1. Can you give me the pair-distance distribution of segment 85-146, C-alpha pairs, 10 Å bins, whole percents?
2. Each label point is 7 Å from the Cα along the Cα-to-Cβ direction; what then is the distance between the points at Ala62 and Asp142, in nm?
3. Taking Cα centroids, how far is segment 122-139 from segment 9-43 in Å?
4. Just to confirm a number: summing +1 for Lys and Arg and -1 for Asp and Glu over residues other than Asn40 whose beta-carbon lies under 13 angstrom from that of Asn40, what do you get?
5. Given contacts defined as C-alpha pairs under 8 Å and at least six residues apart, what's the relative contact order of the chain, whole-number percent?
6. Computed over the Cα atoms of segment 1-94, what is the ratio Rg over Rh, Rh following Kirkwood?
7. Just going by the charge dipole of segment 13-152, with Lys and Arg at +1 and Asp and Glu at -1 on Cβ, which of Ser146, Leu91, Val105 is farthest out on the positive end?
8. With the chain treated as a Gaussian network of Cα nodes joined by springs under 10 Å, which of Thr109, Thr123, Thr30 yields the largest mean-square fluctuation?
Amino acid sequence: MTVEGQDQPAQGRFEGAAHLFAVRVYFEDTDLSGVVYHANYLRYMERARSDMLRVAGIDQRAHFEGGGGAYAIADLAIRYRAPARLDDALLVESRVVAARGASVVIHQTVRRGAELLTDATVTAALVGPDGRPRRQPAAWIDRFRSLVLQGEDTP
């Protein structure tokens, strides 16, 4: 019997302006050498960004289903510093660093404990059904900007 609120996917959380999202490395994430395949870091970061938006109160699905469009990655810069391995517990940290009319810039890190494994800066642009950039809802921009301001207070 399932009890309400149980058996739900793990959800990240905000600590100040930083959204934290835990992931575990599974066999399917690794390559022949036993380390995480480079593209899988992008998957971890995508999951963390999607979860960050959900926890921040941004309903991407409703916006899309209402004809408002969806986010597309417009720019990505990533640096790999050290490998993750099978069964490692990782933490993806996401921070909004800028909010513009049609886009949001998010810096993300992947760590194993205190060790930085990967970091990236991602620009997600809101595009309409026609594929053209579209202004984000004002409430979303306000929420992103509040996270930027909150993050500026972090040492």
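Readers should treat all values here as calculations from the given coordinates under stated rules, not as data from a laboratory. Everything numeric here is computed off the predicted structure, so don't read it as measured data. Cβ sites come from the backbone with ideal geometry, for glycine too, and all protein chains shown count toward neighbours.
1. 21, 37, 25, 16, 1
2. 1.5 nm
3. 26 Å
4. -1
5. Computed value for the chain: 25 percent relative contact order.
6. Ratio of gyration radius to Kirkwood radius: 1.02.
7. Ser146
8. The residue that fluctuates most here is Thr30.
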